[in-house]
Structures are given as C-alpha cells and as structure tokens.
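The values are calculated or read from the model by the stated rules, or taken from the named source; none is laboratory data. For clarity, every value in this text was computed on a predicted model and none was experimentally measured. Every residue, glycine among them, receives a Cβ derived from its backbone with ideal geometry; neighbour counts consider all protein chains shown. The area values use the complete protein model at the heavy-atom level, side chains included, leaving out ligands, DNA and RNA. Shrake-Rupley method; radii C 1.70, N 1.55, O 1.52, S 1.80 Å.
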Amino acid sequence: MVDLRAMPYYLDDEGVRWVEDTIGSMTDEEKIGQLFVNMGASRTEEYLTDVVSRYRFGAVRYNPGTAAQVHEQNRILQESSKIPLLIASNAEAGGNGACTDGTMVGHAIKLGATDDPRYAYEMGRVSGVESSAIGCNWAFAPVVDLLVNWRNPIISNRAFGSDADLVLAMAKEYLRGMDESGVACAMKHFPGDGIDERDHHLSSSVNSLSTQEWDETFGKVYAGMIEAGVHSVMVGHIMLPAYQRHFAPGLADRDLLPASLSKEITTDLLKGRLGFNGLVVTDASHMVGLTAAMRRRDLVPQAIAAGCDLFLFYNDPEEDLGFMMDGYRNGVITQERLTDALRAILGLKASRGLHTKDKKDIVPPAAEALARIGLPENKALFAEVADRAITLVKNVDETILPVTPERYPRILVIPVKGPENPAAAIFGGGGAHPAGEVAERLRAAGHEVEVFESAMDKLLKLPEEERMAGIASMYSGKAPIAGLTDRYDLILNVAKVVGGMQPVERVSWPASKGTPDLPWYVHEVPTIFVSVAAPFHLADAPAVKCFINTYDALAPTLDALVAKLAVGAEAFTGVSPVDAFCGLVDTRL
C-alpha cells in the first residue's frame, strides 16, 4: 500500500486529506479516467477543453512544440481540468525534450563519456528550469538502462553507459538537478533495457540476466535511485524471466509476460523487494512488446492489476476506457488496487504542490516562463560537454594524429551511412549528412578537401536506362591503388547511423570493389574513422587504426572535433562509457 507520508511524497496532514477526500468524491468514471496518460492530437483550445472534460485523464505527455505553444497548451489543460494534471516532458538530453526551442545539454551517452556526474546534474537542472517554466511538472527521465549489448538499437545514445556505478552516479545527479525545480522524475525502462538486441517498440524484448546478475547491475541502479528518492518509475514492455520465475516457481514459458503486465516484476520485485513507494507508469501502450502479449481488452486492465498506476496513451479513448472499466467491474482490478493507484497518482500531484494552487497559477505567466528558455549560460553547456566527451577510442597507429595542413594537405572525406530509417528524425537523425560540414571546417583550417560521392549516388541521378547500365558495370570496375595514394594524404570516414525502430545500428557498406566506399586502404593511406551517432561502428570497420566517437553531429561538436584532430591525441579527454570494441578481438588490432 502507498504510504503518502513517506518517500517520495512526504505529504503533510493537509496533503493526505486532499488525496483521500478527492478519491472519496470521484465517480467510478472519474477514477478510471485518472488512470490514463493522454497524448494530444491538437493544441487548439476547443480540442484541449473537450478531451480533458470528456476523458478526465490524470496525466498528459504531449507532442513536441515550441515553448510558447506548450506553455499555452498546458495553461489551457490545467485551467480546464477538474483535478490538476501531471504533465510530462521527455527531457532525456535537456530542455529540448520539453520544447523544441529548449536547451540541449547532450545525449546521456555523451554525458557518460565526460566521466563527470556534474554534467548530469546540469542536464537535470536545465531540464527542470525549462520544463517547469512551461508548465511541465513530470519528466520521463532519466534513462537508467545499461548499454551492455552493442547490438541494442534503441538506447545507444540514450543510456549513460554500461557500468552500473557510472549510470547510478549520473542518474542521481540528474535527479538532484530536476528536483531543484520541483519536477518529478520517472526513471526508465524497468526492469532494464540494453541486454536484448531487439526494440520493444517492434517486438518482444527480454532481459535475460539471472537474479544474481540483475541484482548486481540493474538492481543496483534501481535500488540506488529509490534510496535517492526518485519519484516514479516507467515500466518497460521487457520480460525478466529469472525474477518472474523467482516469485512464481514453475511458471511455464507461455506465461512469461513483459514487466508492464507482470505482477511478479512490478509488484513483487519493484514495490516489494526493492521497496518502491512511488508512482509507476507503463511505457507507451502501442508498443509491440505490450500488444503482442494478449488481447487489448485484457492487457489494459491487466497493467493496472499488475501494479502499474498509470497507463501511457490510449489506442482509442472510448475503447480503452471501456476496457479499463470492464476490468474494474469484473474484478481484474480490485477496489484496493484501484484506490492504491489513485493514491500514487494524486499523491505525486500533491507532492508537487498542485493541490494548494489555484488553477490559473499552476502554469507560470507566459512572459516569465519564456524568459527562462534558452539562457546563454545554459546553451554554453553543450559546447563544454562536447569538448569533454569526444572520445579517441582507438589509436593503434600513433603517427596518424595530429591532422594539420602541413602533414595532410589533401584530405578525402567519405560519408558513411546506414540503412534507410524512416524513424531516424525522431532519434536525432534526418537532415544532411555531416561529412560536408566536417569538410568545410577542414578547408577553413587550411586543408584541400574533397567529399567522396559514391558510384551509386551518382547513378541515382541518371535516367533509368543509363542507371541500369551503370549498375551492371559498377561492380566489375577496379582502380589502381595509386589512384588513392597519389591524390590523398589522409582519408576521413564520417559515419552517421541513427537507430530507433530498426533491428541494429550497423553501417550499410556498398557492394563495390576497390572504391573508397569501404575502408580497405588503411595500410595504403592514413585513415581516421569518426562516428557522430552510434558508438559501436568498430564492429563494422575493425581494421581502422584511429577511431573516434563524438556522439552527435551538432555544430559545436564538429567544431571541437576538428580542433582536437589538429592538436593530436592529447586533446581527447572523453572516456568511452561502453565497450566500443564490441567484445571483438579484431577491433583492437
């Protein structure tokens, strides 16, 4: 049972009384409505006032928008809602997760590469300032997953690293920074992503660790964050068979469930063994890791019965509310479980002081709010993090660096890409490939630079008949090595492969022969490979002797990269927070 006077609520008599009186005054429809987190389809006042009055949801996680748009949306929602709302940002990398013009501090993995928890605090602080300014009182962050499996496609830049101690230190500091602005945190994705190589948006996903292995890794992080006072937990659609069977011995394989539907994982492990007293929210309910488990009419109430307090997103509001009400009326959700979920939801609201404020005072005045977005001193953090984080992962041939015009007057820059990924923009992709921007910076430094255009890219510009003839001959052509050695002093591969909703973040090498598309020439021409996104490309280019991870391709990062190349190895201070060698012997040679 939720203890509203204990961590993380710490409610006084007035707060407890508000929670209990509110529950006592609610109709069954209002109670069921309170269990949902809405994802809005529009920001018009007509739409917002209609949905909040019709569906009476307890929380909101909105689509991205500018600070002004989100501020106005949140003002309308809070003034229109009978009960104050939890409004969540997705501030995993900074205030840009609250609004599109917010301040990015850096992807979590980039902060991990600084090896300095101070930057995680700064990310939490900036996220809290900007989120609270526009009326967000809850954040779906920090990500406390452990990036152990280099093939995992969904958290490659979202996790602080693979080491439990590093992740815990970073996450606690993020929490501290957020707490200063009164924004509650939802750490995710319990019981832990980063072990499987699948994406639970698209399929089932399994954390296959034994109970002892889990206790020593993910369990250590979750226990430490609970002790630090984290306010809520997002439960992923990830199975944890060892612990489900620990609490249900003899469980058949067919009865294994994702944590979001498993009483053994959410109630017995999280709330029981780990002692978590705060709010539990499911991950998004459209994800296949959840929807593949059972019929939707069954999984909607089962998530609450298993121990989750909030259900993230409707599929169809009328249908899902009906499924939840049916589950309550037929006993899947007991009266005790429903009341306890409502205590957690309302308790978190009261812990943010929402019960003591007039509806018109919950969201700060617009002028005051917008003045806190994008402060110069906060924006400066990004360049500082970039300077600390860029990592020289491999430098076997110590003669390659530094990159100066005197040593390397002629440079060939080669764009390296991955499979076409329609979801790339959501996960930091999209836009032009950064190879051109790197080339511009090298030219400004005094180098003569050519950007390679592949034979396939050239063929795609031709009419279809010429293109087909060109494809037929493309794979039979070879060129003398002197074509490279006589023309270039250095070759710089720049890889941008962005994951999210695809099987793995792997380089998509062309099936060419003897062209620079592939780094076969590492013993012929000095070669450097730079990844500006996924940190694991040594698995696809193991022969390169100099490998660098920058973790993003934004302008300050590329500025810092080119400056460091010119100085040499001693300029790189980043410490890889993951095994960038992917556990492979040839990547170290």
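Just the residues that are hydrophobic (A, V, I, L, M, F, W, C) and within 25 Å of PHE311 (Cα to Cα), please, taken from segment 196-227. Can you show your working first?
Filtering segment 196-227 for residues hydrophobic (A, V, I, L, M, F, W, C) gives 202, 206, 209, 214, 218, 221, 223, 225-226.
Those that are hydrophobic (A, V, I, L, M, F, W, C) and within 25 Å of PHE311 (Cα to Cα): LEU202, VAL206, PHE218, VAL221, ALA223, MET225, ILE226.
Say whether the condition of being open to solvent by less than 10 Å² (accessible area, probe 1.4 Å), in contact with a Lys or Arg (Cβ under 7 Å, 6 or more places away or on another chain) and at negative phi is met by at least one residue in segment 274-287.
So far as segment 274-287 goes, no, none of its residues is open to solvent by less than 10 Å² (accessible area, probe 1.4 Å), in contact with a Lys or Arg (Cβ under 7 Å, 6 or more places away or on another chain) and at negative phi.
Quick one: would you say TYR243 is out of contact with any helix residue (DSSP H, G or I) (no Cβ under 7 Å at 6 or more places or on another chain) and part of a helix (DSSP H, G or I)?
Numbers: out of contact with any helix residue (DSSP H, G or I) (no Cβ under 7 Å at 6 or more places or on another chain): no; part of a helix (DSSP H, G or I): yes.
When the stated conditions are applied, TYR243 does not pass them.
Do you know which residues across segment 145-161 are open to solvent by 10 Å² or more (accessible area, probe 1.4 Å) and either under 12 Å from the mean Cα position of the chain (by Cα) or among the aromatic types (Phe, Trp, Tyr) (or both)?
TRP150, ASN157, ARG158
If you take just the strands (runs of 3 or more DSSP E) that sit entirely in segment 339-454, which of them hold at least 1 residues that are among the basic types (Lys, Arg)? Before you say what the answer is, go through the steps one by one.
Working: elements: 391-395, 410-417, 448-451.
Hits in segment 339-454: 391-395, 410-417.
Among the residues that make up segment 78-90, is at least one of them part of a loop (DSSP other than H, G, I, E, B), of a type in the set (Gly, Ala, Ser) and at pLDDT 95 or above? First the steps, then the outcome.
To start, the set of residues in segment 78-90 that are part of a loop (DSSP other than H, G, I, E, B) comprises 81-85, 90.
Pick out the ones that are also of a type in the set (Gly, Ala, Ser) and you get 81.
Checking which are at pLDDT 95 or above leaves us with 81.
Yes, segment 78-90 contains a residue that is part of a loop (DSSP other than H, G, I, E, B), of a type in the set (Gly, Ala, Ser) and at pLDDT 95 or above.
Of all the residues that make up segment 534-570, how many are touching a residue at least 40 places away in the same chain (Cβ under 8 Å) and either over 28 Å from the mean Cα position of the chain (by Cα) or not in a loop (DSSP other than H, G, I, E, B) (or both)? Don't jump to the end; show me each part of the working.
So the first thing to find is which residues in segment 534-570 are touching a residue at least 40 places away in the same chain (Cβ under 8 Å), and the list is 534-539, 541-562, 564-569.
Those still in the list that are either over 28 Å from the mean Cα position of the chain (by Cα) or not in a loop (DSSP other than H, G, I, E, B) (or both) too: 537-539, 543-549, 555-562, 564-569.
Of the residues in segment 534-570, 24 are touching a residue at least 40 places away in the same chain (Cβ under 8 Å) and either over 28 Å from the mean Cα position of the chain (by Cα) or not in a loop (DSSP other than H, G, I, E, B) (or both).
Considering only residues that are of a type in the set (A, V, I, L, M) and in a strand (DSSP E or B), look in segment 187-238 and name the one that is nearest to GLU92 (Cα to Cα).
Restricting to residues being of a type in the set (A, V, I, L, M) and in a strand (DSSP E or B), the top hit is MET187.
Suppose we filter segment 30-53 for residues that are part of a helix (DSSP H, G or I), more than 19 Å from ASP361 (Cα to Cα) and without any contact (Cβ under 8 Å) to a residue 40 or more places away in the chain; how many remain? It would help to see each step written out before you state the result.
Let us first name the residues in segment 30-53 that are part of a helix (DSSP H, G or I), namely 30-33, 45-53.
Subsequent filtering for residues that are more than 19 Å from ASP361 (Cα to Cα) retains 30-33, 46-47, 50-51, 53.
Then drop every residue that is not without any contact (Cβ under 8 Å) to a residue 40 or more places away in the chain, which leaves 46-47, 50, 53.
Qualifying residue count, segment 30-53: 4.
State which residue is farthest from PRO84 (Cα to Cα) when the search covers only segment 102-128 and only residues that are in contact with a helix residue (DSSP H, G or I) (Cβ under 7 Å, 6 or more places away or on another chain) and of a type in the set (Val, Ile, Thr).
In this case the residue turns out to be THR114.
Name the one entry in ILE238, ILE226, ILE195, ILE155 that is over 26 Å from ASP115 (Cα atoms) and in contact with a strand residue (DSSP E or B) (Cβ under 9 Å, 6 or more places away or on another chain). Can you show your working first?
Numbers: ILE226 fails: over 26 Å from ASP115 (Cα atoms); ILE195 fails: over 26 Å from ASP115 (Cα atoms); ILE155 fails: over 26 Å from ASP115 (Cα atoms).
It is ILE238.
Could you please find all residues in segment 1-52 being over 25 Å from ALA139 (Cβ atoms), over 32 Å from the mean Cα position of the chain (by Cα) and among the polar types (S, T, N, Q)?
SER25, THR27
Which one of these is under 28 Å from GLU264 (Cβ atoms), part of a loop (DSSP other than H, G, I, E, B) and touching a residue at least 40 places away in the same chain (Cβ under 8 Å): LEU147, LEU168, LEU175? Walk me through it before giving the result.
Working: LEU168 fails: part of a loop (DSSP other than H, G, I, E, B); LEU175 fails: part of a loop (DSSP other than H, G, I, E, B).
Matching residue, one of LEU147, LEU168, LEU175: LEU147.
Would you check if ALA91 is touching a residue at least 40 places away in the same chain (Cβ under 8 Å), more than 15 Å from TYR314 (Cβ to Cβ) and surrounded by 24 or more Cβ atoms within 10 Å (Cβ to Cβ)? First the steps, then the outcome.
On the way: touching a residue at least 40 places away in the same chain (Cβ under 8 Å): yes; more than 15 Å from TYR314 (Cβ to Cβ): yes; surrounded by 24 or more Cβ atoms within 10 Å (Cβ to Cβ): yes.
Yes, satisfied.
In segment 526-542, which residue that is open to solvent by 10 Å² or more (accessible area, probe 1.4 Å) and touching a helix residue (DSSP H, G or I) at 6+ places or on another chain (Cβ under 8 Å) is nearest to ASN157 (Cα to Cα)?
Among those residues, the one meeting the criterion is ALA539.
Between a first residue in segment 315-330 that is aromatic (Phe, Trp, Tyr) and a second residue that is crowded, with 16+ Cβ neighbours inside 10 Å, which pairs have beta carbons less than 6 Å apart while being 6 or more apart in sequence or on different chains?
From residues that are aromatic (Phe, Trp, Tyr), the pairs are PHE323/VAL300.
Which condition breaks for GLY65 when tested against (1) open to solvent by less than 30 Å² (accessible area, probe 1.4 Å); (2) of a type outside the set (A, V, I, L, M, F, W, C); (3) without any contact (Cβ under 8 Å) to a residue 40 or more places away in the chain; (4) within 17 Å of PRO317 (Cα to Cα)?
Single failed check for GLY65: (4).
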